[in-house]
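One structure below.
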Amino acid sequence: MKGYKCDSCGKVYTYKRKVCIKCGKTSFSEVDLGEEARLITYTVLYVVPAGIERSPLVLGIAEFKDGARLFGQVMTDKPQVGMKLKAQYGKLRTKDGKELNGYYFVPE
Amino acid sequence: MSRKVAIIGARMTKFGNLIDKTLMDLLVEPSEILLDEYKIERKNVSSVYVSNLLGEISSRQTAVATALADYLGITDVAAERIENGPASGASAIRYAYMDIASGNSDLVLVAGAEKMRTAPTEVVTDLVSMMSHPEVEYPSGATMPSLGALFARLYMQKYDVKPEHLAMVAVKNHSNAMKNPYAQLKKEITVEQLLGPGSESFNPYVAEPLRLYDMSPMTDGGAALIMADLDTALSYTKNPVIIEGIGESTDALALQDREDPTELKAVRLSAEKAYRMAGIKPEDVNVAEIHDAFTVLEIAISEEIGFFKRGEGKLAVERGTTKIDGEKPINASGGLKARGHPLGATGLAQATEIVWQLQGLAEQRQVRNANIGFTVNMGGFGSNAVSIVYRRY
């Protein structure tokens, strides 16, 4: 998993940004976040929006090393805070007939 | 030198499932009542601001402020629609405030409305979720309740907040709504019903750990204010409400990017700005309407706006401090939870309740000795907030 570390304040993001929301600086370096993340919070969502096929849908925020966080779908029926997850890339939903892709999590 | 700005009067429609009312009905009705009641000549209105989010889809309508001016027979005015997510209503008040304080306008109509019950739930849920981060939240299926639930789990864990605390907020706000003829949910509930045996069917999970009765409902409704500089306001009423402070703030758009995702920083900073501008402290506030889109938010926001220390908002609920007859009444109207939450109208409905409280018009919900009022209207899931301080004239 690739991360983007702000060269000025050190905040690490899981996606590319032009400007750091924490310090406002614009220079980032790519860092390796490893494969493993830990689930810090989750929800089991029973009312899903149009365009999502899975119901109920487990959504969570996981933390990689250096505190880099990523929100996404968690492919498990038994989510638990602290569980180890791996991020994978693939189809997340459809929007106006088009597939939207991105990262989701699977239990390690 | 900016001028003092006042609210002459406030009105709202009944909130609920208003299948027979159009978006225009919901904007026109409270506006017309105000214009008639205060005998305001159309030609004296110089701006019309309308807060609304979903007009394109709910009603196949844009440029709703111009439409409202037309329907009301108001011509040659500035007419603009304001969109700031669920905080659109308070943002519209802010625009009117700036317009008047600067001397640009003397008399301004602010109206807000939403039709949320026309499209199917999954469609409205999707529309509302469009205010989430377009790259890192929306594609995964983020909805406002899901983001609220992620926040709730972290916040409840950190401060040992129990489902009972959330249920107590729902019970209080439903009880307050029983005294509010304009409220959507007219149903007394008990903590036992919400959490006791058999509660899974009465109060099912929507987004664990949040259940149905932790959520504000889908609502149709409208509300309106007439605002003016103080001198003009006094020519129409002896009982205006002064806007003493307005503050707006933002936070990282995505919940994952916030320094501490158990904090609602935009809420805190907006309140601090409003207090500073008004020259008051949180302890000076006598009556408040705060953005309880989810029950957990009433507790968390009550701490962020300085009413209680961090982690002690739950104690205030336990002790009844936030009831209508408590020391710090919160959401006497029933709040978003039970009055209803028609997105574009919510900020104006909050203001309406405070105006009525400060004008002594809140009837069975009247808070005694209400002199200073406060509202906070939150946008996104905590990415934007607008706080307002009001004073009885």
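The values are calculated or read from the model by the stated rules, or taken from the named source; none is laboratory data. Fair warning: this is a prediction, and the values are worked out from it, not measured in the lab. Backbone-built Cβ (ideal geometry, glycine too); neighbour counts: all protein chains shown.
Quick notes on this structure:
- Whichever residue in segment B:1-27 is part of a loop (DSSP other than H, G, I, E, B) and of a type in the set (D, E, K, R) and, among such residues, is nearest to the chain's Cα centre (by Cα): B:14
- Those residues of segment B:26-42 which are among the charged types (D, E, K, R) and in contact (Cβ under 8 Å) with a residue 12 or more places away in the chain, in sequence order: B:29, B:32, B:37, B:39, B:42
- The set of residues in segment A:1-32 that are touching a helix residue (DSSP H, G or I) at 6+ places or on another chain (Cβ under 6 Å) and closer than 24 Å to residue A:90 by Cα contains only A:12.
- Residue within segment B:351-358 that is part of a helix (DSSP H, G or I), crowded, with 24+ Cβ neighbours inside 10 Å and in contact with a helix residue (DSSP H, G or I) (Cβ under 7 Å, 6 or more places away or on another chain) present: yes
- Under the condition of being free of Cβ contacts under 8 Å to residues at least 12 places away in the same chain and buried (at least 23 other Cβ atoms within 10 Å of the Cβ), the residues counted in segment B:275-315 number 0.
- A single entry from B:383, B:387 fulfils the requirement of being under 13 Å from the mean Cα position of the chain (by Cα) and polar (S, T, N, Q): B:387.
- When segment B:87-122 is filtered for residues that are of a type in the set (Val, Ile, Thr) and either in contact with a helix residue (DSSP H, G or I) (Cβ under 8 Å, 6 or more places away or on another chain) or without any contact (Cβ under 8 Å) to a residue 24 or more places away in the chain (or both), the ones remaining, listed by number, are B:93, B:108, B:110, B:118.
- Within this structure, residue A:30 fails the test of being farther than 23 Å from residue B:261 by Cα, in contact (Cβ under 8 Å) with a residue 40 or more places away in the chain and of a type outside the set (S, T, N, Q).
- Within segment B:141-159, considering residues that are free of Cβ contacts under 8 Å to residues at least 40 places away in the same chain and of a type outside the set (A, V, I, L, M), the one farthest from the other protein chains (Cβ to nearest Cβ): B:157
- Filter pass, residue B:88 being at the interface with chain A (Cβ under 9 Å from one of its Cβ atoms) and touching a strand residue (DSSP E or B) at 6+ places or on another chain (Cβ under 6 Å): no
- Condition met for residue B:252 (surrounded by 21 or more Cβ atoms within 10 Å (Cβ to Cβ) and in contact (Cβ under 8 Å) with a residue 12 or more places away in the chain): no
- Complete set of residues in segment B:262-274 that are crowded, with 24+ Cβ neighbours inside 10 Å and either part of a loop (DSSP other than H, G, I, E, B) or of a type in the set (Asp, Glu) (or both): B:264
- Condition broken by residue B:176, with the remaining ones in (1) farther than 21 Å from residue B:291 by Cβ; (2) under 19 Å from the mean Cα position of the chain (by Cα) satisfied: (1)
- Within segment B:52-104, the residues that satisfy the criterion of being of a type in the set (Gly, Ala, Ser) and outside any helix (DSSP H, G or I) are B:63, B:73, B:78, B:79, B:85, B:87, B:102, B:103.
- Any hit, segment B:46-57, residues being touching a residue at least 12 places away in the same chain (Cβ under 8 Å), within 22 Å of residue B:237 (Cα to Cα) and either out of contact with any strand residue (DSSP E or B) (no Cβ under 6 Å at 6 or more places or on another chain) or among the small types (Gly, Ala, Ser) (or both): yes
- Test: residue in segment A:79-102 that is acidic (Asp, Glu), under 22 Å from residue B:210 (Cα atoms) and not assigned by TED's automatic domain parsing to the domain that holds residue A:17: no
- Across segment B:235-259, the number of residues qualifying as away from every other protein chain (no Cβ under 11 Å) and under 24 Å from residue B:275 (Cα atoms) comes to 11.
- Scanning segment B:106-132 for residues that are buried (at least 22 other Cβ atoms within 10 Å of the Cβ) and in a loop (DSSP other than H, G, I, E, B) turns up B:115, B:116, B:131, B:132.
- Within segment A:89-98, tally of residues that are more than 9 Å from every other protein chain (Cβ to nearest Cβ) and either loosely packed, with under 12 Cβ neighbours inside 10 Å or hydrophobic (A, V, I, L, M, F, W, C) (or both): 5
- Per-region count, segment B:331-362, residues over 15 Å from residue B:241 (Cβ atoms) and free of Cβ contacts under 8 Å to residues at least 12 places away in the same chain: 0
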